1. Take residue B:166 and tell me if it is at pLDDT below 95 and more than 21 Å from the chain's Cα centre (by Cα).
2. Under the condition of being surrounded by 17 or more Cβ atoms within 10 Å (Cβ to Cβ) and assigned to a loop (DSSP other than H, G, I, E, B), which residue from the stretch B:35-49 is nearest to the other protein chains (Cβ to nearest Cβ)?
3. Identify the residue in the stretch A:40-62 that is at the interface with chain B (Cβ under 9 Å from one of its Cβ atoms) and in contact with a strand residue (DSSP E or B) (Cβ under 7 Å, 6 or more places away or on another chain) and, among all such residues, is modelled with the lowest pLDDT.
4. Tell me yes or no: at least one residue of the stretch B:127-148 is closer than 21 Å to residue B:230 by Cβ, away from chain A (no Cβ under 14 Å), in a helix (DSSP H, G or I) and in contact with a helix residue (DSSP H, G or I) (Cβ under 7 Å, 6 or more places away or on another chain).
5. What's the number of the only condition in (1) assigned to a loop (DSSP other than H, G, I, E, B); (2) away from chain B (no Cβ under 14 Å) that residue A:263 fails to meet?
6. Tell me the residue from B:108, B:131 that is touching a residue at least 24 places away in the same chain (Cβ under 8 Å), surrounded by fewer than 22 Cβ atoms within 10 Å (Cβ to Cβ) and closer than 25 Å to residue A:67 by Cα, please.
7. Could you list, in sequence order, all residues of the stretch A:220-236 that are in a loop (DSSP other than H, G, I, E, B) and under 17 Å from residue A:154 (Cβ atoms)?
8. Considering only residues that are surrounded by 15 or more Cβ atoms within 10 Å (Cβ to Cβ) and closer than 17 Å to residue A:421 by Cα, which ones fall in the stretch A:99-118?
């Protein structure tokens, strides 16, 4: 990069000082719990908002510690189950090989974006029935939507932790949560990627990372070291079929943690997961427009794979590595007549979170490398590597203050994505982002 | 700019491996224990271990002040320091009805490390050794006859002075009690179906055979036979069906639990 280029970036960085409110993707850490139980956020979060073992077990138990202080009656009278999360930030993004009337150009834009907040409401309604409701939005467009809303019934049968039921709109039990991750400028490619016909359509909008409406069955051992989750849901963004469920879809995850009392590895986890999301491909129409709910000929997007997590050093301040591999397939008919065959791909990511062993655990350093490699292009004539992607992210978070009521952190991050052949004239396209923000939740 | 950031990766990789610190088997690392403490315990027990964390002010039952080495739930005789295994037992069970959570979702290493660390707040651990634990003979088994005998033991030792005739914590002395730290303390309501620490019958037994240090709850070890003590346990268990239920859950936990 030229000297002039770096200067420009420096200027963008300087803008960070002029902080107004912008909102990047919502992530949840819930200080209402910290208030209720007088714990700091570090108790549940390895590096907030990523959950640690204590947090995972707390969530699996329906947000209960089970020592007689969970429900609304035994909790402190001052406790109100609401927290606010805002992340004012400056982001600059540059995308190469964009078509313009003046030819192929690199376009960049940056600024402190439009404000929006998450209201995190969660708690226990009565012993063994808990809830989460998250209205998100309130930006200048005035829109608010419910990101999540669910009720969770713990220990449905005979005090057993092996059968808990969640109903509502919720995040799938992913190998790495896409709502409680550290990265802000990019998303897990494996979760959202679809094979595509250049310039063509794909009826499936299935995104593993997106919250879905349905029912989830969760089971776990006492310490959440062996767990499973199975969900049945109606795929989001589908026009709907004439079945009982508008687009009957399934997701499952099984995982086991292993602990070591000696040596550099303190914990290891293995898991398998799979999803089958169905979308109708034929509809009754009215004036040529598909009639919602009349779809038939369900076709599937399938995703399956495995994950391994490794914690090096003490669990309390670990280097946590998460390796996830997945295979994906979108059936031919999902491409609305434009494809020669089903599209398949392999992908995954390696994520690293390091909590340096410094006093009060103020720091976290994180990075991720995402890869997508197409296997069968839906269009045989398309270049074999069309839309193959490589992406990396590197960031740092410094929590200025932790308390039992709130937390506030500085967040800085860079990321870069390169996609084959998707730019103007079939050129490769590269997207670089840089972001600085103040992440706070109260 | 973006390329240069990429080049920093090896530098970070080097730093990362400075993080690991090995723990000798059996004893915890004080250094790592401090981090465990800061992550989980500091908000209540305070940076100085004096029980005055940011949350303590609002709590009726205050977090433990570690500086005196006074611990309530021990298997060691009255006046003795606790064993590490006693502290671990407290961490695994939590203290029911108080703000002290159970820490069994943590790995055993973290628990051992934090135990080593909290012991550094009291100079006693450097100069004194904990005494041998009391011997708890096996539970002869719950029976109506044992409960009837236990009712008499409860009267004989005047437990009702503090705990009240029905065990509800409303005896004549109940309202004037203070603990060693000067805080008002109430005798536990024995009809709740739980004691604070642990759900096994041995957890109830040890309470009156070791006493709860720092509180008015005395030890009866010098005057009470172990047969009387077991009858008393069964009498307490007869006060609520919760005890049997919780005891069964605890037994199931021990069978399946990875950590106890």
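1. Details: at pLDDT below 95: yes; more than 21 Å from the chain's Cα centre (by Cα): yes.
Taking the combined requirement at face value, the residue satisfies it.
2. It comes out as B:46.
3. By that ranking, first place goes to A:40.
4. Looking only at the stretch B:127-148, we keep the residues that are closer than 21 Å to residue B:230 by Cβ, and these are B:132-148.
Restricting the remaining residues to those that are away from chain A (no Cβ under 14 Å) gives B:132-148.
After this cut, where a residue has to be in a helix (DSSP H, G or I) as well, the list is B:144-148.
With in contact with a helix residue (DSSP H, G or I) (Cβ under 7 Å, 6 or more places away or on another chain) added as a condition, the list becomes B:146-147.
Checking the stretch B:127-148: at least one residue is closer than 21 Å to residue B:230 by Cβ, away from chain A (no Cβ under 14 Å), in a helix (DSSP H, G or I) and in contact with a helix residue (DSSP H, G or I) (Cβ under 7 Å, 6 or more places away or on another chain).
5. For residue A:263, the failing item is (2).
6. Details: B:131 fails: closer than 25 Å to residue A:67 by Cα.
Of B:108, B:131, the one residue that is touching a residue at least 24 places away in the same chain (Cβ under 8 Å), surrounded by fewer than 22 Cβ atoms within 10 Å (Cβ to Cβ) and closer than 25 Å to residue A:67 by Cα is B:108.
7. Of everything in the stretch A:220-236, those that are in a loop (DSSP other than H, G, I, E, B) and under 17 Å from residue A:154 (Cβ atoms) turn out to be A:221, A:222, A:223, A:224.
8. Result: no residue meets the conditions.
The values are calculated or read from the model by the stated rules, or taken from the named source; none is laboratory data. Source: prediction; values computed, not measured. Every residue, glycine among them, receives a Cβ derived from its backbone with ideal geometry; neighbour counts consider all protein chains shown.
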